[in-house]
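Report on the structure given below.
The values are calculated or read from the model by the stated rules, or taken from the named source; none is laboratory data. All values derive from a computational prediction rather than experimental measurement. We place every Cβ from the backbone using ideal geometry, glycine too, and count neighbours over all the protein chains shown. Accessible surface is based on the protein model in full, side chains and every heavy atom, while ligands, DNA and RNA are left aside. Shrake-Rupley method; radii C 1.70, N 1.55, O 1.52, S 1.80 Å.
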Amino acid sequence: MIDSFATRTLRDVAYMIRLRGAETVIVGMQPEVAFSMVKLGLTLEGVATSLDPEEGLAYLNRKGNSHAQEVRTHR
């Protein structure tokens with residue numbers, strides 16, 4: 001179960017982490033919870049999500065590799 005306060009808190013923490021230069025992935029959210037959030041209009045805009053930790057780490061690895069390539073291109 002997740003309510004609007006919990007959703008805002010997760011989103012705000014993810015935004016603060018991004019300001020510090022890191023990326024956040026919320027993992028393990030059950031599809032039923034995500035569906036209920038959308039029905040209630042609660043979103044985690046701009047925050048990545050994945051079904052399990054392995055998928056979340058794979059996402060971060062892909063994102064890190066693309067960022068590293070971008071940095072090398074701009075040098």
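Here are the numbers:
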read-out	value
Candidate residues Met1, Met16, Met37: accessible-area rank, largest first, probe 1.4 Å	Met1, Met16, Met37
Solvent-accessible area, 1.4 Å probe, carbon plus sulfur percent, for the chain	59
13 Å beta-carbon shell around Gly28, net charge (K/R +1, D/E -1)	-4
Asn61-Gln30 FRET efficiency (beta carbon distance; Förster radius 35 Å; 0.05 resolution)	0.90
Label-to-label distance, nm, for residues given as Val13 and Glu45 (7 Å Cα→Cβ offset)	2.2
Nearest-20 debye value, the chain charge dipole, Cβ charges on Lys, Arg, Asp, Glu	400
Under Karplus coefficients 6.51, -1.76 and 1.60, residue-wise ³J(HN,Hα) of segment 30-37 in Hz, glycine/proline x	5, x, 5, 5, 4, 4, 4, 4
Neighbour cut-off at most 11 other Cβ (10 Å), DSSP loop, trypsin sites (Lys or Arg not before Pro), segment 17-64	Arg20
